[in-house]
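The values are calculated or read from the model by the stated rules, or taken from the named source; none is laboratory data. Quick caveat: nothing in here was measured; it's all calculated off a predicted structure. All Cβ positions, even for glycine, are placed from backbone atoms using ideal geometry, and neighbour counts span all protein chains on display.
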Amino acid sequence: MGIEGRIIALVVAAGHGSRAGGEAPKQYAKLAGKALVRHAVERLRHPRIDEIRVVISAGQQSLYTEAVGELALPSPIVGGATRQDSVRNGLEALSAVGGVGAVLIHDAARPFLPARVVDALLDALDAADGAAPALSVVDSLALGGGTLGDAVPRDNLLRVQTPQAFRFDAILAAHRGWTGDTGATDDAQVARAAGLRVATVPGDAMLDKITYAEDFRRAEQRLDANLVSRTGLGFDVHAFAEGDELWLGGLLIPHSRGLSGHSDADVVLHALTDALLGAIGEGDIGDHFPPSDPQWRGAASSRFVEHARDLIEARGGRVDHVDITIICETPKIGPHRDAMRRSVAALLRLPLPRVSIKATTTERLGFTGRGEGIAAQAVATVRAPEES
Ligand code: MG
């Protein structure tokens, strides 16, 4: 029995609990530069999922917009007092739209969903009403209460994670018919109470819930372990022209001549932008900001660097280091070098030691030697997730 209708992911992000030491509710706390809920949403962008809806708490609209606004998701659904109420609100909102065949219900606090889990869950719906990822328990279990109590046999115990996938009509009916007096901690419990069959698929340690401050630290270390180092190379040349506006490295440098060409002709930032884009295989500056487009005429090149930096960060990567060489006879770069380093470091949000700027001449040889223009080279070292 295949799934007829759309497959929707419902991300529950309506909690009020804040991370230890944090101010924002946990789902909006940042991990590796992005809110937890954003990680969760991004991992649900899967070829078999048609739409992602987030259930938020009333009054958290601005936190939501800041965290995931630029992903242009359909408007969020307002949740209720408990997790279960929030899920129910989400399901009712989907029901009102109609045409939903299956739903994956996921906690925002489980940011690192492997794509294979989504496939396994949806495949499992061929033979069951619902499916949940589960892991066996490897630690010893015992009753607590001050001192260690009796051991609990762990042989048949499972750690149940999310997302949990369900045939939509079945889970909606189960939630509507729930009569338990306390909120269920997950939807598989609601499904089972309604007599539905819930299959299990292999869970993943990456799906562990982020609850405490130490979970954030551990998750960041895990993320780091998944990053691979890449190097990008950029090169650019601009010719001197009439006018005395010379922009280099985001600074206006006093000089008798300016450079001509694309935007403000900041040859240093253009080479740097190409190096950043190159490190993530994103083409070059002309692909993103075509020179033929009048809106870039005279534009500040700092926005090109920021765009490349944002692309890297959007895929969970970060810039480790950049090294730039400026090749010209004039102006003398030395007096401006420190200010230029600070300018580039600020654009990339990097500490100063991770930005290097050097200058050289070509011993009066070639076009730079004849003072016809300035060339710049840049190398960027970037860490980004393996799959990107
Ligand atoms: Mg250029």
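Does the range 88-100 contain at least one residue that is in contact (Cβ under 8 Å) with a residue 12 or more places away in the chain and closer than 24 Å to Tyr212 by Cα?
No, the range 88-100 has no match at all.
Looking at the structure I just gave you, is Ala241 within 14 Å of the ligand (Cβ to nearest atom), within 21 Å of Lys332 (Cβ to Cβ) and touching a residue at least 40 places away in the same chain (Cβ under 8 Å)? Reasoning before the result, please.
Numbers: within 14 Å of the ligand (Cβ to nearest atom): yes; within 21 Å of Lys332 (Cβ to Cβ): yes; touching a residue at least 40 places away in the same chain (Cβ under 8 Å): no.
Taking the combined requirement at face value, the residue does not satisfy it.
With the condition kept exactly as written, say whether any residue in the range 89-97 is outside any helix (DSSP H, G or I), among the small types (Gly, Ala, Ser), on the phi < 0 side of the Ramachandran plot and surrounded by fewer than 19 Cβ atoms within 10 Å (Cβ to Cβ). So that I can check it myself, show each step before the final result.
Of all residues in the range 89-97, those outside any helix (DSSP H, G or I) come to none.
Taking every residue of the range 89-97 in turn, none turns out to be outside any helix (DSSP H, G or I), among the small types (Gly, Ala, Ser), on the phi < 0 side of the Ramachandran plot and surrounded by fewer than 19 Cβ atoms within 10 Å (Cβ to Cβ).
Would you check if Ser292 is in a loop (DSSP other than H, G, I, E, B), modelled with pLDDT under 95, surrounded by fewer than 21 Cβ atoms within 10 Å (Cβ to Cβ) and more than 14 Å from the ligand (Cβ to nearest atom)? Show your work before the answer.
Working: in a loop (DSSP other than H, G, I, E, B): yes; modelled with pLDDT under 95: yes; surrounded by fewer than 21 Cβ atoms within 10 Å (Cβ to Cβ): yes; more than 14 Å from the ligand (Cβ to nearest atom): no.
The answer is no for Ser292.
Out of the range 244-261, which residues are of a type in the set (Ser, Thr, Tyr) and either within 13 Å of the ligand (Cβ to nearest atom) or closer than 19 Å to Val322 by Cβ (or both)?
Step one: filter the range 244-261 for residues of a type in the set (Ser, Thr, Tyr), giving 256, 260.
Once the filter is applied, which keeps residues that are of a type in the set (Ser, Thr, Tyr) and either within 13 Å of the ligand (Cβ to nearest atom) or closer than 19 Å to Val322 by Cβ (or both), the range 244-261 yields only Ser260.
Would you please list the contacts, defined by Cβ atoms under 6 Å and residues six or more apart or on different chains, that run from a residue in the range 11-25 that is in the same structural domain as Lys209 (by TED's automatic domain parsing) to a residue that is modelled with pLDDT under 80 and part of a strand (DSSP E or B)?
Cβ pairs passing all conditions: Pro25/Ser18.
Let's see how each residue does on (1) touching a residue at least 12 places away in the same chain (Cβ under 8 Å); (2) among the hydroxyl-bearing types (Ser, Thr, Tyr); (3) not in a helix (DSSP H, G or I):
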site	(1), (2), (3)
Glu282	yes, no, yes
Ala299	yes, no, yes
Phe304	yes, no, no
Asp338	no, no, no
Val344	yes, no, no
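Quick one: would you say Leu233 is buried (at least 22 other Cβ atoms within 10 Å of the Cβ), within 16 Å of the ligand (Cβ to nearest atom) and assigned by TED's automatic domain parsing to the domain that holds Arg315?
Numbers: buried (at least 22 other Cβ atoms within 10 Å of the Cβ): no; within 16 Å of the ligand (Cβ to nearest atom): yes; assigned by TED's automatic domain parsing to the domain that holds Arg315: yes.
It is false that Leu233 is buried (at least 22 other Cβ atoms within 10 Å of the Cβ), within 16 Å of the ligand (Cβ to nearest atom) and assigned by TED's automatic domain parsing to the domain that holds Arg315.
Hey, can you tell me all the residues within the range 297-313 that are surrounded by fewer than 24 Cβ atoms within 10 Å (Cβ to Cβ) and more than 21 Å from Ile253 (Cβ to Cβ)? Lay out the reasoning, then the answer.
From the range 297-313, those surrounded by fewer than 24 Cβ atoms within 10 Å (Cβ to Cβ) are 297-300, 302-303, 306-307, 309-311, 313; that's our starting set.
Residues satisfying the conditions are His307, Arg309, Asp310, Leu311, Glu313.
Name the single residue, out of those in the range 267-289 being small (Gly, Ala, Ser) and within 13 Å of the ligand (Cβ to nearest atom), that is farthest from Ala375 (Cα to Cα). Can you show your working first?
We begin by selecting, within the range 267-289, every residue small (Gly, Ala, Ser); these are 271, 275, 278-279, 281, 283, 286.
Of the ones still in play, those that are also within 13 Å of the ligand (Cβ to nearest atom) are 271, 275, 286.
Working: Ala271: 9, Ala275: 14, Gly286: 17 Å.
The selected residue is Gly286.
Could you tell me whether Asp264 is in a loop (DSSP other than H, G, I, E, B), of a type in the set (D, E, K, R), within 13 Å of the ligand (Cβ to nearest atom) and surrounded by 14 or more Cβ atoms within 10 Å (Cβ to Cβ)?
Numbers: in a loop (DSSP other than H, G, I, E, B): yes; of a type in the set (D, E, K, R): yes; within 13 Å of the ligand (Cβ to nearest atom): yes; surrounded by 14 or more Cβ atoms within 10 Å (Cβ to Cβ): yes.
Considered against the rule, which asks whether it is in a loop (DSSP other than H, G, I, E, B), of a type in the set (D, E, K, R), within 13 Å of the ligand (Cβ to nearest atom) and surrounded by 14 or more Cβ atoms within 10 Å (Cβ to Cβ), Asp264 comes out as yes.
With the structure loaded, tell me whether Gly21 is part of a loop (DSSP other than H, G, I, E, B) and at pLDDT 80 or above or whether it fails that test. Working first, answer last.
Details: part of a loop (DSSP other than H, G, I, E, B): yes; at pLDDT 80 or above: no.
No.
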